[in-house]
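The structure appears right after this line, and notes come after that.
The values are calculated or read from the model by the stated rules, or taken from the named source; none is laboratory data. What you see is a predicted model, and the numbers here were worked out from it, not measured in a lab. Cβ placement follows ideal geometry from the backbone for every residue including glycine, while neighbour counts extend to all protein chains displayed. Note: accessible area is taken over every heavy atom of the protein model, side chains too, but ligands, DNA and RNA are not part of it. Shrake-Rupley method; radii C 1.70, N 1.55, O 1.52, S 1.80 Å.
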Amino acid sequence: MTITRRTLLGSVAACAIAVAMPAHAAKPLTIGFSQVGAESEWRTANTTSIKNAAKAAGVNLKFADAQQRQENQVKAIRSFIAQRVDVIAFSPVVESGWDTVLREAKAAKIPVILTDRSVKVSDPSLYVSFIGSDFVEEGRRAARWLVEHQKKNPNRSYNIVELQGTVGSAPAIDRKAGFLEVIKDNPKLKIIRSQTGDFTRAKGKEVMEAFLKSEGKNITVLYAHNDDMAIGAIQAIEEAGLKPGKDILVVSIDGVRGAFEAMLQGKLNVTVECNPLLGPQLIQTAQMVKAGKPVPKRITVNEGVFPAEVAAKEFPNRKY
């Protein structure tokens, strides 16, 4: 056979087309994700982590912001089912009320992954995995710090006001339970007021103003279920002519940069870490689920406790 220049060029062109346009190109993984909202510095970091991880992995992410409303999340999940996404993931606003929509996802054979917050359902098979922190342990860690602080001042009693998270949400329920578990048998530690601040800075300030108005200098400790509420409360404490971190000890949860800045200023005493950077774990878990591989029912993250004494050293390392 005589190979002409035209034959050779034609063969090369055909190979080039075959390489550029494979007959069975892999379909990218599509994930429908419903986020709680954008209520805090923590949540913003969580959203960014998920979006960045999806982009890095070449995943098609359909993102919906629920604006802290359960009905918006239910609507988003039903939309994802209608769109036939490969995996549904969401961070539930509250714990209960999910059975119906999750049964719809299961009937459509679309696996569901929970992130950050869990749910209470009658059938655990309605979701394949929960990725997130141990909120009860976070509450315990906050209380243990306070117990150790009280031991240094054994003759002093501490009156605690509590800023709870969103009513009915897993972190609000669990962080309260964990904290109470540790302090319940200590007569020197007593919660005198407790109210929701809805995890927002503005509401934290508003509720703390009400606490100060009713209790005044009787308050010696603020326990906030997240840093944003604590930062809002710090503003209220200062406006009342008191010194946060000194006149009123401030204990909170999340470990965001704003909390470290407050500790560096002497206005916050300790923050318990709740790592928001769940994106890589979510994407990896979704890929495994889609591939039919087994995944753990519960995936936790490693977290620490950061008192004010280590803030200066740790602050440069914070990614959120």
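Structure notes:
- Residues satisfying the stated conditions in the range 292-311, i.e. open to solvent by less than 70 Å² (accessible area, probe 1.4 Å), within 19 Å of A259 (Cβ to Cβ) and more than 20 Å from the chain's Cα centre (by Cα): P307, A308, V310, A311
- The condition (being more than 30 Å from K246 (Cβ to Cβ), touching a Pro at 6+ places or on another chain (Cβ under 8 Å), modelled with pLDDT of 95 or more and among the β-branched types (V, I, T)) is satisfied by just one residue among V128, V167: V128.
- Check on V289, open to solvent by less than 30 Å² (accessible area, probe 1.4 Å), within 18 Å of A89 (Cβ to Cβ), at pLDDT below 95 and of a type outside the set (F, W, Y): no
- Given (1) modelled with pLDDT under 95; (2) closer than 23 Å to R141 by Cβ; (3) among the small types (G, A, S), number of the condition G245 does not satisfy: (1)
- Meets criteria (open to solvent by less than 70 Å² (accessible area, probe 1.4 Å), over 26 Å from Q195 (Cβ atoms) and in contact (Cβ under 8 Å) with a residue 12 or more places away in the chain) for I234: no
- In the range 99-118, the residues that are out of contact with any strand residue (DSSP E or B) (no Cβ under 8 Å at 6 or more places or on another chain), open to solvent by less than 30 Å² (accessible area, probe 1.4 Å) and β-branched (V, I, T): V101
- Screening the range 63-98 for residues that are acidic (D, E) and either closer than 22 Å to K290 by Cα or open to solvent by less than 30 Å² (accessible area, probe 1.4 Å) (or both) and picking the one that is farthest from the chain's Cα centre (by Cα) gives D86.
- Filter result for the condition that a residue is open to solvent by less than 10 Å² (accessible area, probe 1.4 Å) and in contact with an Asp or Glu (Cβ under 6 Å, 6 or more places away or on another chain), over I191, I253, I219, I248: I253
- Residue within the range 136-151 that is over 24 Å from E39 (Cβ atoms) and among the aromatic types (F, W, Y) present: yes
- Test set (1) in a helix (DSSP H, G or I); (2) modelled with pLDDT under 50 - T2 fails condition number: (1)
- Highlighted here are the helices (runs of 4 or more DSSP H) found entirely within the range 245-320 that include at least 2 residues which are of a type outside the set (A, V, I, L, M, F, W, C) and without any contact (Cβ under 8 Å) to a residue 60 or more places away in the chain: 311-314.
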